[in-house]
Amino acid sequence: MGKDLRKIKKEVRERRKKYGNRMQVKEKRMPLVFGRHEEARDEPDFYFYQDGQEGTKGFSADGFVLKTFIAAALFFATAILFQNEWKQVEPVRQFVKDSYETEFQFATIANWYENQFGRPLALIPFETNMALGELENAPELAYAVPASGTIAESFETNGTGIIVKTEPKASVEAAKAGFVFFIGEEEEIGKAVGVQHYDGGESWYGMLENIDVKLYDHIEIGTKVGTVSLDKKEGTGMYYFALKQGETYIDPIDVISFE
């Protein structure tokens, strides 16, 4: 029994000497196999991407610098266009000039967007429940009276609008649905509100004591825009009202009865 054991050990040592290198190579090539639970436990919670693989793209400083450089280049290029009288760039200069002088019909675009894609969330706080059909097929909406009263200054005298005398503290309401694109002080009409209609026209309300709408509001016909100012001499209210189609002011008396 002892001889057999020594013989077996000797054969094992000889086999190790003879095949030891091959066994090591096989051991190196043997893939690691994990059980299901071991694999889930030992798998790391993060990964490294090898060269050529892209991870999640985050903020790129190089991209930001490039965009800033392009914006600055466009700005200086535009400035050079208007500083030099080169005839070769006259078409480009005229195009840029027309782009800035042409009013952007935001109300029209916003209305078309809602009809096509639904009411945008958060971006445009649409407050009216008025449903409009296709823009080109929408019926012409009648103008409402902003505030009843008598004409204190006619369109012919004023040149752009009219001044209406009303009761003190009377409310001034929107003559037509649209988008509030201006709120501020005007030299001749004081506190004013500008509304761009969905058909591209505009209505202006001035000489207001208070303003009850906010910039970028979408308002419907009859929405309170503000309150008339007080004429201290006569003790009456008064406000300015104007209508505009394209670049042309129209006489409000032609489309609205104020009495």
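Since every read-out is calculated from the coordinates, none of them should be taken as a lab result. Predicted model only: the values in this text are computed from it and were never measured. When we count neighbours, we look across all protein chains shown, and the Cβ atoms used for this are built from the backbone with ideal geometry, even at glycine.
Given Cβ point charges of +1 (Lys, Arg) and -1 (Asp, Glu) and nothing else, what value in debye, to the nearest 20, does the dipole of the stretch 132-259 about its Cα centre take? Display every interim value, and only then the final one.
On the way: 9 positive and 23 negative charges, 99 e Å.
That gives a dipole near 480 debye.
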FRET E, pair E259, D212, Förster distance 22 Å, beta-carbon r, rounded to 0.05
0.35
Taking H placed 1.01 Å from N in the peptide plane, check which residues at least 5 places from A170 or on another chain put their amide H under 5 Å from its amide H.
V228
